[in-house]
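Comments concern the structure below.
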Amino acid sequence: MKCNVGGIDRIIRIAVGALLVGLAANGVIGWWGWLGFIPLATGLFRFCPAYPLLGINSCAISSGKDSCCK
């Protein structure tokens with residue numbers, strides 16, 4: 001898996017995912033809050049399976065190397 005989620009995209013995914021899971025765990029929102037594990041996992045692993053299908057890559061590429069997978 002080549003990383004395709006970087007920078008701000010990654011921070012937003014982790015924050016939103018953690019917020020949804022936290023709200024679901026406390027019973028504030030319904031079962032759908034557990035879907036927050038999806039953006040949380042894609043942010044932590046820096047890979048979104050939908051991005052290659054859509055031709056998107058939010059990783060910054062500098063000097064010919066993929067800089068987000070360090």
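The values are calculated or read from the model by the stated rules, or taken from the named source; none is laboratory data. Treat the numbers as computed from the prediction; the structure is a model and nothing was measured. Cβ: placed from backbone, ideal geometry, glycine included. Neighbour counts: every protein chain shown. Heavy atoms of the whole protein, side chains included, go into the accessibility calculation; ligands, DNA and RNA do not. Shrake-Rupley method; radii C 1.70, N 1.55, O 1.52, S 1.80 Å.
Laid out as a table, the results:
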quantity: Failed condition for CYS48, given (1) in a loop (DSSP other than H, G, I, E, B); (2) open to solvent by 40 Å² or more (accessible area, probe 1.4 Å); calculated: (2)
quantity: The range 8-46, residues that are without any contact (Cβ under 8 Å) to a residue 12 or more places away in the chain and polar (S, T, N, Q); calculated: ASN26
quantity: Residues within the range 51-70 that are buried (at least 16 other Cβ atoms within 10 Å of the Cβ) and at pLDDT 80 or above, tallied; calculated: 4
quantity: Count of residues meeting criterion [open to solvent by less than 100 Å² (accessible area, probe 1.4 Å) and aromatic (Phe, Trp, Tyr)] in the range 28-45; calculated: 0
